[in-house]
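Below is one structure; the comments refer to it alone.
The values are calculated or read from the model by the stated rules, or taken from the named source; none is laboratory data. In this text, all values refer to a predicted model and were calculated from it rather than measured experimentally. Counting neighbours? That spans all protein chains shown, and the Cβs are built from the backbone with ideal geometry, glycine included.
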Amino acid sequence: MIRINLLPHREEKRKQKKAAFYALMVLGVVIGAAIVLVVGGYNARAIAIQEQRNLAIKNAIVVLDKKIAEIATLKQEIEALKARQQAVEDLQGDRNQPVYLLDELVKQTPAGVYLKSFKQDGQRVVIQGYAQSQERVSELLRNVSSVSPWLEKPDLVEVKATGMGQGKTAKKVVEFNMIVGIKRPRDKDQLEDGKPGKPGDQKPAAAATANAANASAKP
């Protein structure tokens with residue numbers, strides 16, 4: 001005997017499928033929302049940690065900037081102290097420069113040269129004098145530029161022929177005007193490959209003055 005099911009089973013299946021579909025949609029939404037919340041929480045935590053690290057780095061940078069500023073200030077103070085120390089050393093060394101100047105003028109002035117006057121202005125010395133010939137002036141320039149350990153960079157400003165004396169005793173001489181530089185003790189020591197100079201070996205002022213007077217008395 002054949003049995004026929006006349007109940008609306010197809011509609012029931014459709015309802016079941018719809019219900020299952022809706023349930024899967026709801027489950028997917030719930031799972032998606034959970035995933036979004038988990039990922040968002042993880043990202044928020046990572047961002048918070050990174051912000052804390054950035055803040056720590058910024059604070060460290062601020063501290064380092066302060067230290068760098070302090071170091072720069074210390075460097076400036078050190079440079080200022082070195083400059084003052086160098087100024088004091090130069091002042092002490094320059095006290096003996098007249099002695100060195102007179103001594104070197106006596107040593108480097110060749111025969112036939114008469115020094116009329118010399119004037120020191122800082123590290124420059126203006127020298128005026130007479131010479132028997134221009135060759136004598138050239139010899140003085142060579143001595144100052146290559147032989148003298150204290151004098152340097154001679155610059156001949158003017159040289160001209162003139163007469164000295166009157167009547168039959170008048171002589172033709174060469175009048176010259178030159179500028180030379182005088183070294184400081186530290187400059188002289190540097191040129192000697194770091195070896196300390198020996199300013200104590202120089203002649204005393206009285207002896208140098210006497211020698212300069214003798215040199216001035218040369219014809």
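Which condition from (1) modelled with pLDDT under 85; (2) not small (Gly, Ala, Ser); (3) not in a loop (DSSP other than H, G, I, E, B) is the one that residue 196 breaks? With respect to (1) modelled with pLDDT under 85; (2) not small (Gly, Ala, Ser); (3) not in a loop (DSSP other than H, G, I, E, B), residue 196 is out only on (3).
Are any of the residues in the range 129-137 more than 18 Å from residue 103 (Cβ to Cβ), within 39 Å of the chain's Cα centre (by Cα) and either modelled with pLDDT of 80 or more or surrounded by 18 or more Cβ atoms within 10 Å (Cβ to Cβ) (or both)? No: zero hits.
Evaluation of residue 34 against the conditions (1) at pLDDT 90 or above; (2) within 30 Å of residue 151 (Cα to Cα) shows that the sole unmet condition is (2). Here 89, 79 are screened, and the one residue that is touching a residue at least 60 places away in the same chain (Cβ under 8 Å) and not basic (Lys, Arg) is 89. Annotation note: of 119, 75, 82, 58, the sole residue that is within 13 Å of residue 181 (Cα to Cα), exposed (fewer than 14 other Cβ atoms within 10 Å of the Cβ) and out of contact with any Asp or Glu (no Cβ under 8 Å at 6 or more places or on another chain) is 119.
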